[in-house]
Amino acid sequence: MRIVKMKEIKRVFAEYFAILDNQPNIIKDYADYIEHHTAMTNNNKNLELQKIEIENMQGLLKRLEGSIKPEYNGDLEYIKNQYSKLQVELAKASEIIKAKKPEMMTNIDREMDTVKKYIKQYESNLMKDKFVEETCAPADVLKELNELKRNIDKQRDKNDYFTKIRKLMDLTTPPNKDLADLEMKYNDRKLLWTHVDKLLKCHEDWYKTNIRMLDSEDIQKEMQQFDSTVMQLKLRINNLSQDGKDKVLEVHEARIRKIAGLMPIISSLANRDLKDKHWKKIFDKLEQPMPANKSVSLT
């Protein structure tokens, strides 16, 4: 047991000194240096207890055997010296951390300024080009929105990383309001185009599919969801537009209203209770022959 403990404590000292010898010059190394220094400081008391435990084991062996092997005494002296050296090195490391702090603060501020620049750029992008052009294909816009989301996430990761480092440096960092605003604007823009895409697909499906295969209750639920989303986005219009109006939202709402105007007809026809005899009466009223395949669509 004594030999195992000796090897482990020697390994720890060697690892600690190797880390403390590498003085940090960049932000990442500085953050790692602080974390290692904190962990070493917290483990310092444990190392002292291990040193005392080995001393006690040495004393016990001496009482039992009458003497101690010279190499055992050498190991104990080595550990005592290493422990004392570690206290000196930890104190030096504290001074290094303190001395490097102003430089690292400047570097972090510079990196955070870059994050802010990208946030402003992405916010501006959301308010122009394909994102606000109502004639664009939803699939194309959603593809670009997904790419933009990846870029926003990169800035979120950087913001969180530098916030974490500032915390290690005992600096407080207020929440990044600009980033939070950007993410809300992105989420609403994505929500709008997702619903535009979904409505167009539903519209095509409802008009081309055999209406006898549709369910009027399901269609009404879908329309209620579209209507509810429009109301939510209108309440948060500032996330979509600087002047209180958004053409994509306006066209989307108009399309919903147009389909809603047809809902009485759709609800009546997309009724699973209608049988062949009912459909025959409908076609008789229209003075049209009933399709041989009994398939009926709104087109």
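Just so it is clear, none of the values below were taken in a lab; they were calculated from the coordinates. The structure presented is a predicted model; accordingly, all values stated were derived computationally and were not measured. Cβ placement follows ideal geometry from the backbone for every residue including glycine, while neighbour counts extend to all protein chains displayed.
Remarks
- Averaging the sequence gap over all C-alpha pairs within less than 8 Å and six or more residues apart, then dividing by the number of residues, gives the chain a relative contact order of 18 percent.
- Compactness of segment 85-215 is given as radius of gyration and Dmax, 23.6, 86 Å, from Cα positions.
- Overall Cα dimensions of the chain, principal axis frame, Å, largest first: 119, 48, 26
- Segment 127-202 and segment 221-255: distance between their alpha carbon centers, rounded to Å: 18 Å
- Cα gyration tensor category, rounded, prolate or oblate, for segment 209-299 with a/c compared to 1.5: prolate
- Cβ-derived FRET efficiency at R0 22 Å, Q23 paired with K80, nearest 0.05: 0.25
- Aspartates and glutamates with Cα under 18 Å of K177, excluding same-chain neighbours fewer than 8 positions away: D109, E111, D113, E123, D153, D157, D160, D188
- Sequence ranges 250-256, 38-44, ranked by mean other-Cβ count within 10 angstrom, highest first: 250-256, 38-44
- Dividing the C-alpha radius of gyration of segment 145-254 by 2.2 N^0.38 Å, with N its residue count, gives 1.50.
- Note on the chain: with a GNM built from Cα contacts shorter than 10 Å, the maximum mean-square fluctuation among L274, L47, L192 falls on L274.
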